[in-house]
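These notes concern the structure reproduced below.
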Amino acid sequence: MIGVLGAGAFGTALAVALAQDGRKVMLWGRNAGVMDEMAQSRQTARLPGVTLPEGIEITADLARAATAETLLLAVPMQTLSSVLGSISDPLEGQKLVACCKGLDLATGEGPSHVIAHAKPGALPAILTGPSFAADIARGLPTALTLACEDAEAGLVLQHVLSTKTLRLYRSTDVTGAEIGGALKNVMAIACGACIGAGFGDSARAALMTRGFAEMTRLAVHLGAKAETITGLSGLGDLALTCTSELSRNYRYGQALGRAEGFDPSVTVEGAATARAVAALAARDGIPMPVSGVVAALTEGKVTIAEALEELLSRPLKEE
Ligand SMILES: NC(=O)C1=CN([C@@H]2O[C@H](COP(=O)(O)OP(=O)(O)OC[C@H]3O[C@@H](n4cnc5c(N)ncnc54)[C@H](O)[C@@H]3O)[C@@H](O)[C@H]2O)C=CC1
Ligand SMILES: O=C(CO)COP(=O)(O)O
């Protein structure tokens, strides 16, 4: 049995893909009324037009869902710690696969460290890479990174979670995978803002490239391998999210660039993560200019024109 905690777009899409490939899945969401309605209609507003296969058991009982041997954690990053804290079971030996992308604002930690603190006896892993929930739910071809420090457990997870259309590549570089996934959202906000403000495609390409350099710098500083950032979890997801209006982070950035409002109920992981990155960068003295500008923009501390000026007025340097 695979348990999926979080019945938003991504958790539900993963549950659909796995159930369609014959796995038994239990999908947990916190709102009993919403989950009842989902169980009756086999539909969800988060994935219009997608029918939830009968192989998915839908529940609002967290303790029950948490008994699954493999648990996919698909709640927003800033809620991961509290969701794990509300499970009384220590989840000893269970595989906990974080599917959320970001850094915890309170601690600056990625999801694997949040898991390690909340459930020290569990086996943390990360599932990340370029994939829109709607594509996964529709069975479109997708390739992701499954990172787990325990190589043997990673191999098991790779097979448990791959389907005919969802192809997982293995890695043991958990830090690299989670930093790539977290920071690409920050860069997507920057790129959305750039396009929204009318700065053009050339400026976006520059931001993506310098953003990639920042992602690599922070990942290596935190002990990750630079190659991991060139993979699906880094470059792959950066390419997708910085160029597609299907990305919420990108669309949020566009709204910032146009000085328009944005629906606060939409999950935009890059905003809190930019602040967490800016705090880490200040603490450890790592130059992270694009992340710093995104943090300031999202907090309303600078205008888009000031953000551009900040980046363009940096001292000229070697690439
Ligand atoms: N939507 C996508 O295409 C993808 C999303 N992700 C990641 O998956 C994570 C979840 O995103 P989505 O499912 O897209 O967001 P979503 O906004 O569609 O759903 C979030 C879900 O979390 C629930 N939730 C919010 N606060 C909660 C709490 N305190 N306790 C329990 N549940 C809570 C909400 O009720 C909602 O069902 C994010 O970290 C995102 O970056 C990763 C890859 C693709
Ligand atoms: O992570 C994603 C694609 O890989 C989804 O991006 P958004 O959260 O910006 O919609």
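Read-outs throughout are calculated quantities, based only on the coordinates presented, and are distinct from any laboratory measurement. Since the model is a prediction, treat every value here as computed from it, not as a measurement. Glycine gets a Cβ as well: all are built from the backbone with ideal geometry, and neighbour counts include every protein chain shown.
The GluC sites (Glu not before Pro) of segment 222-267 that meet both conditions, a loop assignment by DSSP and at most 12 other Cβ atoms within 10 Å of the site Cβ, are Glu245, Glu260. Taken about its Cα centre, the chain carries a charge dipole of about 340 debye when Lys and Arg each add +1 at the Cβ and Asp and Glu each add -1 at the Cβ. Straight-line reach from Lys24: taking Cα to Cα under 19 Å and skipping same-chain neighbours fewer than 8 places apart, the lysines in range are Lys95, Lys164.
Note on segment 7-55: with charges restricted to the Cβ of Lys and Arg (+1) and Asp and Glu (-1), its dipole about the Cα centre is near 120 debye.
Using R0 = 51 Å, the C-beta based FRET efficiency linking Glu318 and Ala45 works out to 0.50. The simple Förster model, with R0 at 35 Å and r as the Cβ-Cβ distance, assigns Arg64 and Ala134 a FRET efficiency of 0.80.
If a/c stays under 1.5 just call it rounded; otherwise compare a/b with b/c (prolate if a/b is bigger, oblate if not). Do that for segment 173-248, with a ≥ b ≥ c from the square roots of the Cα gyration tensor eigenvalues. Because a/c hits 1.5 or more and a/b exceeds b/c, segment 173-248 counts as prolate. The length gained by stretching the chain between Asp36 and Leu222 to full extension, at 0.36 nm per residue less their Cα-Cα distance, is 62.7 nm.
Taking a ≥ b ≥ c as the square roots of the eigenvalues of the alpha-carbon gyration tensor, the chain is classed prolate because a/c is 1.5 or more and a/b outweighs b/c.
Positive contributions from Lys and Arg (+1) and negative ones from Asp and Glu (-1), summed over other residues with Cβ under 11 Å from the Cβ of Leu103, come out at -2. The trypsin sites (Lys or Arg not before Pro) of segment 115-217 meeting both criteria, a DSSP state outside H, G, I, E and B (loop) and at most 13 other C-beta atoms within 10 angstrom of the site's C-beta, are Lys164. The residue among Pro111, Cys148, Gln158 whose Cα reaches farthest toward the positive pole of the charge dipole of segment 55-194, with charges on the beta-carbon of Lys, Arg, Asp and Glu, is Gln158.
Taking a Cβ cut-off of under 14 Å around Ile87, the surrounding Lys, Arg, Asp and Glu residues balance to a net charge of 0, with basic ones at +1 and acidic ones at -1. Between Ala66, Ala133, Ala282, the GNM of the chain built on Cα springs shorter than 10 angstrom shows Ala282 fluctuating the most. A Cβ-based charge dipole, computed about the Cα centre of segment 69-132 with Lys and Arg at +1 and Asp and Glu at -1, lands at about 140 debye. Each label point was placed 7 Å from the Cα along the Cα-to-Cβ direction; for Met1 and Arg167 their separation is 3.3 nm. For segment 31-79, the list of trypsin sites (Lys or Arg not before Pro) that fall in a loop by DSSP and count at most 16 other C-beta atoms within 10 angstrom reads Arg42. Highest-first packing order for the peptide set 151-163, 98-110 is 98-110, 151-163, based on the mean count of other beta carbon atoms within 10 Å. No disulfide-compatible partner, judged by a Cβ distance under 4.7 Å, exists for the following cysteines of the chain: Cys99, Cys100, Cys148, Cys194. Comparing Ser112, Ser81, Ser244 in a Gaussian network model of the chain where C-alpha atoms under 10 Å apart are linked, the largest mean-square fluctuation is found at Ser244. The Thr79 and Thr230 beta-carbon pair, evaluated with R₀ = 25 Å, returns a calculated FRET efficiency of approximately 0.25. The Cβ shell under 14 Å around Glu178 holds other residues with a net charge of -3, Lys and Arg each +1, Asp and Glu each -1.
Nearest 500 deg cm²/dmol is fine: what mean residue ellipticity at 222 nm does the chain get from its DSSP H runs of n ≥ 4 alone, each adding -39,500 (n - 2.57), divided by its residue count?
Only helices count here, giving -14500 deg cm²/dmol.
A straight Cα-to-Cα reach below 26 Å connects Lys301 with the lysines Lys101, Lys184, residues fewer than 8 places away in its own chain not being considered. Shape of segment 2-172 from its Cα gyration tensor (a ≥ b ≥ c, root eigenvalues): rounded if a/c is under 1.5, otherwise prolate when a/b > b/c, or oblate? Note, shape of segment 2-172 comes out oblate.
Length available on full extension from Ala213 to Val266: 0.36 nm per residue minus the Cα-Cα distance, which gives 16.3 nm. Here the spin labels are modelled as points 7 Å beyond Cα on the Cα-Cβ line, and at Glu149 and His117 they lie 1.5 nm apart.
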